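Worksheet: the structure to be examined is printed underneath.
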Amino acid sequence: MKSSHIIIAVIALWTLPAAGLDVRVKDTSGGPQIHLDGTPIAPRFFWGTPRGVPMVVTTEWQDFTFEIQTKAVVNGTGFLHFRFKEIPSQIWLSDLSLTSVNSGRECLPSGTFYSTDAFARNWNIWPPGENNTVGQVKVEDGALVITLTSPKGAWPDFHLNNKNGMTFNPGSVYKCKFKAKASVATSVTPDIYRVENGYWNCIGAANGIFLRQVELARDAGVNLVSFTAPNCWPVPETKIDWGPLDELCQQIIDVNPKALLVPRVSADAPNWWLKRNPEACMVFDEKRRDRDNASPSHRGYREAAAAHLELIGRHMNEAFPNNFAGLHPIGQQTGEWFYKYSFEKPLSGYDPATRDAWRAWLRTKGFPNADSAEVPAIVERRAHPNGLLRDPAKERLLIEFAKFQQQEMADMVLALAAGARKGVGDSKLVLFFYGYLFEFGILNNGAPISGHYALTKILKGKDIDILCAPVSYYDRDWIGTAPAMTAAESVRRAGILWLNEDDTRTHLDLRSSEHPQEGGKVNLAQARQLMSRNTAQASIRNFGTWWMDLLGAGWFNDAALWQEIIRIAPLDKAMLARNKPFTPEIAAIIGEDSMCHLTGDSSTVAVPLTYAARGALGRCGAPYGQYTLDDAVGGNVPAKLQFFLAAWALSPEQRQALKSNRAAGTTRVWCYAPGYLMPDYADVNAMTDVTGFKHRLISLNSAEATPTAAGRAFGINSAWGVKSDIKPLFTVDGVTQDSILATYTDGSPAMVIRHGNHGADIFIGTPQLTPEIVRACSRLAGVHLFTQVDASVWVAEGYLSLQALKDGVISINTGNDSVIIDLLDGKTLGTGPVLNLPVKAGDVRILKW
């Protein structure tokens, strides 16, 4: 019998999940909100993972000690790890021991660092062989000497671990002691792991910094705690060992009895399952097999993973009825449900399960020879012979395969959500990563290889309470706008809460490198500003947030940081009580089907248009929302000013609906190639029906645009655009000179405006926006600009959050004559409509009027 069938048979014998707490997202007049036993609560989480804390090592010998205690049985499966700060250095380790405090029993043989033979018998170096590009180890004068050098690429996860598993008895205390010194100031991080079924679960570490952060979160009123759950997916012939999971949950509850537990659970197939089902392994580049991941198209894997989640949900309900709040299943690349290696060169899809699902897809579409069809070849998927947008007449199968991949990943997520829902019942949360519509334009192989462009399908499901993603890795520095990755306001319309995973590094990240994706190096004051800016935006936009200790290194182990949560609590309280959802006057709109027409190397277009445009929108001086094209087609985008960032693929029905559902007075900005692609062909003339302009193709070495006199009068003074050859590229004919706002390098129109009965239409041919352009279009559309200079501004219900991007005085126009109060300190600042506010770069102010 297949393992999945055994699991399902076991589940069938169980009773319905225990109820316990009622923690669900409910849609309200102000938008989706988490309700605890019927009462809305601020959607603020702490996310952490138990790991060792770096121990500072100096140039002088020092003694180090830490203790562990486990409630789980560890019978020959315990392993001690040493990790080191990622800097060139030499570290000396000596006098290592690990003994039972109760009995004096040695868990590790003594003297393993004293001789080369003893070290070789008892220790592994990871990674082995040529993959180890940084570390050399030798024994010298009775000490282990580790020499670290800088790698050419990224640092590998270099570490040492003992070979022969150790035994720990439940309830006993064990003490680890060693001496260390280094050539320069650095750190050593020891951890003790328990290995079961191929999974390494941390059971002991120095300092217990994870639980300290749980305590700080508790004191700031944050009871929702998410964490990496120890894996509990064993071979079906063995009994499930819930010990590590239960022990971790109980440790959290011991620190905070009101903790609301949301474990992050891996739904990736374990190694034993992949060995029994080798046909399920993902295959890349037609021959590269990945033995660590199952294909999302493998139906047996879906079934087994869903059953696994159901078991965990049921167990958590029964074991922790008064603290269990929900499940967060993760899988594929970084657990975020985009296809493995999406950011790298390999292309997935060459496993038998994907091929079979692809053939079934083609049959439903009426394609001839569907039963013998193969997944499109690598060379075809990477090519772009017709420009950066696929031509439906010439590349139909490639477009279909891109759409197919989105649906397969969405179906996987929905299947797992259904399994999780069965396990947790109707009174707990189900969370998933998905829907990074604005983020994946950066992928070298093209946005659709991610599998994230079926958000509309996900939003129609009934099992998911919360969708989430990290704060965008674009513009998240100390001074920035921290954009959302998704069409967040469309998610809100579906009654699902959007949650930003705030994995921004703080002043407690001691790594020497900049790591710009995580926010760059900051001091305490800057870290507080970052977290205040991000959390205030989340509150105003009705987002959830978890502050994420990404590396388990204690990034939030500072009470001063948690003061920002306390200071923002009045804003959260006000936003929980609002009567209408966040409804900004500016909208950024993205079409999922359009993104599925992008080729490899299409980042030339997609990065400035769908990725970086959020920086321009976020600096314009007014808030903006993010929507799917489906919502725009349905007339569900109420914004006065609408930027169609990706609308190059439109069906005849969508074209008609966009006309029919246009509210009077709406200004629409059509970016790059609106309506160029029909379902069966590409036609520049098809754009006219969308924009009202007569378009034609143009070939230039640069898509840079320069404002005309009319453009400068409109409010655009600086040139902008992509300084490279873009194909296809478009201009317009038959327009008057005063309607041309910018021109390309050859003098042909690059930005034009047309006034009609229902509002203005603007076409921008070069795929890029600037804050200046957004502000100029906002004035035309009648959007209220709260500032006239670049600043990160979010507003709702008489509350404004602002981060200053430079020193100076910012004039804030509230639009009324109410008294303006600083929400963070309660001081009265003045009376509207205009407040001149002195600021320093990075300042975050939250105002109320």
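The values are calculated or read from the model by the stated rules, or taken from the named source; none is laboratory data. Not measured: the values here are computed from a predicted model. Ideal geometry is used to build each Cβ from the backbone, glycine not excepted, and the neighbour counts take in all protein chains shown. The protein model used for the area step is the full one, side chains on, heavy atoms only, and it has no ligands, DNA or RNA in it. Shrake-Rupley method; radii C 1.70, N 1.55, O 1.52, S 1.80 Å.
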Going by amide H atoms built from the backbone, whose H comes under 5 Å of the H on residue 811, apart from near neighbours?
788, 837
Which percent of the accessible area of region 793-849 is formed by carbon and sulfur heavy atoms (probe 1.4 angstrom)?
49 percent
Alpha-carbon centroids, region 271-294 and region 641-697: separation in whole Å:
43 Å
Cα→Cβ-extended label distance, 7 Å offset, between residue 343 and residue 473, nm:
0.3 nm
Using alpha-carbon positions, the gyration tensor of region 751-849 gives root eigenvalues a ≥ b ≥ c; with a/c under 1.5 called rounded, otherwise prolate if a/b exceeds b/c, else oblate, the class is prolate
Cα Rg over Rh - region 513-599, Kirkwood
1.08
Read phi for every residue in region 229-240 and hand back ³J(HN,Hα) as whole Hz from Karplus 6.51 cos²θ - 1.76 cosθ + 1.60, θ = phi - 60°, with x for Gly and Pro.
7, x, 5, 10, 10, x, 4, x, 6, 10, 6, 5
Around residue 137: net Lys/Arg minus Asp/Glu count, Cβ-Cβ under 15 Å
+1
Built amide H within the under 5 Å cut-off of residue 340, gap 5+
333
Rounded to the nearest 10 Å², what accessible area does residue 92 have for a 1.4 Å probe in the complete protein model?
50 Å²
Along the principal axes of its C-alpha atoms, what lengths does region 568-671 span, in descending order and rounded to whole Å?
47, 33, 21
Region 312-387: C-alpha pair distances exceeding 21 Å, %:
56 percent
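Under 9 Å from the Cβ of residue 599, count the other residues' Cβ atoms, weight Lys and Arg +1, Asp and Glu -1, and hand me the total. Walk me through the intermediate numbers first.
On the way: positive: 381, 382, 390; negative: 395, 601.
Value of the local net charge: +1.
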What do you get when you divide the Cα radius of gyration of the chain by 2.2 N^0.38 Å, with N the number of residues?
0.99
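Could you give the size of the charge dipole of region 643-777 about its Cα centre, using +1 on the Cβ of each K and R and -1 on the Cβ of each D and E, expressed in debye and rounded to the nearest 20? If you can, show how the numbers build up before the last one.
Details: 11 positive and 11 negative charges, 57 e Å.
Result for region 643-777 is approximately 280 debye, rounded to the nearest 20.
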Probe 1.4 Å, all chains present, heavy atoms only: residue 473 accessible area in Å², nearest 10, is 70 Å²
Leaving out same-chain residues fewer than 8 places away, which lysines sit with a Cα under 27 Å from that of residue 723?
345, 694
Considering the options 669, 343, 164, tell which one lies farthest towards the positive end of the dipole of the chain, charges being +1 on Lys and Arg and -1 on Asp and Glu at the Cβ, about the Cα centre.
669
Fraction of accessible area attributable to carbon and sulfur, region 344-387 (%, probe 1.4 Å)
52 percent
Which lysines have a Cα less than 23 Å from the Cα of residue 26, not counting those fewer than 8 places away in the same chain?
258, 422, 428, 457, 460, 462, 573, 580
Cut-off 12 Å between beta-carbons: net charge of the residues surrounding residue 610, Lys and Arg +1, Asp and Glu -1:
-1
Explain nothing, just the number: dipole magnitude of region 55-170 about its Cα centre with +1 on each Lys and Arg Cβ and -1 on each Asp and Glu Cβ, in debye rounded to the nearest 20.
380 debye
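Among DSSP bridges having both ends in the chain, what percentage is antiparallel? Round to the nearest 5.
On the way: 106 of 158 bridges.
Percentage antiparallel, nearest 5: 65.
Give the carbon-plus-sulfur fraction of the accessible surface of region 398-492 in %, rounded to a whole number; probe 1.4 Å, heavy atoms of protein chains only. Could the numbers behind the result be given before it?
On the way: 930 of 1850 Å².
Using a 1.4 Å probe with all protein chains present, region 398-492 comes out at 50 percent carbon and sulfur.
Taking all pairs of different Cα atoms in region 610-745, averaging 1/r and flipping that mean, what Kirkwood radius in angstroms comes out? Show your work: numbers first, answer last.
Working: mean 1/r = 0.0615 Å⁻¹.
Computed over Cα pairs of region 610-745, the Kirkwood hydrodynamic radius comes out at 16.3 Å.
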Starting at the first residue of region 126-131, write each ³J(HN,Hα) from the Karplus equation 6.51 cos²θ - 1.76 cosθ + 1.60 with θ = phi - 60°, in whole Hz, x for Gly and Pro.
10, x, x, x, 5, 6
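Return one whole number: the accessible area per residue of region 714-849 in Å², for a 1.4 Å probe.
Numbers: 5350 Å² over 136 residues.
Computed with neighbouring chains in place, this is 39 Å² per residue.
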Through the Karplus equation 6.51 cos²θ - 1.76 cosθ + 1.60, θ set to phi - 60°, convert the phi angles of region 535-552 into ³J(HN,Hα) values in whole Hz; use x for Gly and Pro.
6, 5, 4, 4, 5, 5, 8, 6, 9, x, 8, 10, 6, 10, 7, 3, 9, x
Nonlocal amide H pairs with residue 823, under 5 Å, H built at 1.01 Å:
846, 847, 848
Mean ellipticity per residue at 222 nm, deg cm²/dmol - from DSSP H runs of n ≥ 4 across the chain, formula -39500 (n - 2.57)
-7500 deg cm²/dmol
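What number does region 281-421 give for Rg over Rh if you use C-alpha atoms and the Kirkwood radius?
Values: Rg = 17.7 Å, Rh = 16.8 Å.
A ratio of 1.06.
About its Cα centre, what dipole magnitude does the chain give when the only charges are +1 on Lys and Arg Cβ and -1 on Asp and Glu Cβ, stated in debye to the nearest 20? Show your work: numbers first, answer last.
Values: 83 positive and 85 negative charges, 134 e Å.
Its charge dipole is roughly 640 debye.
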Distant alpha-carbon pairs in region 715-804 (separation over 20 angstrom), percent:
47 percent
Charges on Cβ only, +1 for Lys and Arg, -1 for Asp and Glu, centred on the Cα centroid of the chain; of 392, 295, 131, which one is farthest towards the dipole's positive end?
392
